[in-house]
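One structure below.
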There are 2 protein chains.
Amino acid sequence: MKIGELAKATGTKVETIRYYEASGLLPPPARTQANYRDYELSHLERLMFIRRSRDLGFTLKSVRELLTLADDDDESCDAVDEVASAHLLAVEQKIADLTALRDQLSLLLQCSGDGTVGDCRIISSLASTNLANIRNQSSHIRETGNQ
Amino acid sequence: MKIGELAKATGTKVETIRYYEASGLLPPPARTQANYRDYELSHLERLMFIRRSRDLGFTLKSVRELLTLADDDDESCDAVDEVASAHLLAVEQKIADLTALRDQLSLLLQCSGDGTVGDCRIISSLASTNLANIRNQSSHIRETGNQ
DNA sequence: GCTTGACCCTATAGTTACTACAGGGTGCAT
DNA sequence: ATGCACCCTGTAGTAACTATAGGGTCAAGC
């Protein structure tokens with residue numbers, strides 16, 4: 001199986017496959033006489049594992065760990081569980097961070113009017129007030145119906 | 001005002017300030033005889049603007065746009081609004097993506113048992129099933145009370 | 001037999017937003 | 001005079017690719 005075929009089969013770019021090989025995630029395959037990479041089914045399976053893990057947001061470092069754990073049948077499942085749990089926690093933290101950020105952005109945007117930058121509240125919020133002040137501004141806006 | 005003082009005043013690292021200057025976000029300040037950077041109040045204000053924008057998740061590219069818009073008093077506030085709205089949309093999309101991802105990760109983790117990797121469901125889910133199958137596995141698990 | 005196009009190869013640089021040296025100079029206090 | 005904290009430039013490293021340059025290979029069609 002040539003690299004282009006493997007790429008198509010797994011939905012990965014050719015360069016990415018070579019990158020995974022260089023990073024030690026995918027073992028170097030045999031080569032044809034023309035020095036083309038010649039992949040086996042095992043490579044396809046391993047690459048699918050990598051892709052699925054990446055789709056779930058695991059870093060390559062974590063994928064490496066998961067692969068190492070998966071390679072050793074005697075390894076406890078707990079270690080796998082730990083990697084995945086840590087990742088889930090990180091994702092949840094990220095969601096919380098982004099949600100707080102979204103709320104602040106929403107407040108910022110409620111300040112938007114139709115004037116010029118000279119009295120643009122978004123700009124002045126970014127320029128001189130701290131973020132807590134935006135709330136006061138926006139409630140003022142709501143009171144005056146300017147929305 | 002020396003760079004270290006500006007750094008402390010804004011909660012920015014010295015290297016980051018120099019990086020902003022090199023990136024054209026912060027104008028080069030005057031220099032002392034010793035070739036030290038000598039900042040004015042205007043630099044502090046501009047840097048605070050950059051920091052607040054970055055805290056809200058704007059890319060440096062967007063910050064550059066916002067600064068350009070803010071510099072021109074005649075510019076319409078609409079342009080500012082557009083930049084901020086686009087960012088808000090991107091943040092909301094990211095939250096949605098991460099939420100879907102979190103749900104899939106949760107499903108994956110519900111599969112975790114206490115065996116060895118040989119029959120570790122997390123590994124096998126990553127290895128061979130597509131993600132839709134995890135749901136079936138997990139509902140099966142829920143049925144058997146294994147959670 | 002020769003060309004054309006699709007594919008393959010290596011090696012290197014670019015992306016984002018910093019961070020971290022290495023190797024050197026400055027200013028002030030002891 | 002010497003130590004220390006601070007400043008300078010320039011370069012390399014981070015994550016996970018992506019893109020380019022400059023070249024080789026293979027099968028099909030004329």
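The values are calculated or read from the model by the stated rules, or taken from the named source; none is laboratory data. The structure displayed is predicted, hence computed values, not measured ones. Cβ coordinates were reconstructed from backbone atoms using ideal geometry, including for glycine residues, and neighbour counts include every protein chain displayed. Note: areas computed on protein heavy atoms with side chains; ligands, DNA, RNA excluded. Shrake-Rupley method; radii C 1.70, N 1.55, O 1.52, S 1.80 Å.
With all protein chains kept in place, the per residue accessible area of region B:54-105 amounts to 53 square angstrom at a probe of 1.4 angstrom. Bridgeable aspartates and glutamates around A:K61 (alpha carbons under 16 Å apart, same-chain partners fewer than 8 residues away excluded): A:E21, A:D71, A:D81, A:E82. Among B:K2, A:K61, the sequence by solvent-accessible area, most first, with a 1.4 Å probe is A:K61, B:K2. Per-residue mean of foreign Cβ neighbours for A:50-60 is 3 (Cβ atoms of other chains, 10 Å radius). Of all chain B residues, the closest to the B-onto-A rotation axis by Cβ, with that distance in whole Å, is B:I95, 3.
Shortest first, A:L89 label-point distances to identical copies amount to 3.7 nm, with the label point at 7 Å from Cα along Cα→Cβ. Distance distribution P(r), region B:3-57, all Cα-Cα pairs, bin width 10 angstrom from 0: 24, 62, 13, 2 percent. Of the solvent-accessible surface of region B:1-45, computed with a 1.4 Å probe and all protein chains present, 51% belongs to carbon and sulfur. For the pair B and A, the buried accessible area comes to roughly 4200 Å² in total, with a 1.4 Å probe and the value rounded to the nearest 100. I need the inter-copy label distances for A:E21: point set 7 Å along Cα to C-beta, values in nm with one decimal, smallest first. A:E21 label point versus its equivalents elsewhere: 4.6 nm.
With its label point put 7 Å out from Cα toward Cβ, A:K2 sits 6.3 nm from the same residue's point in the other copies, in order from shortest.
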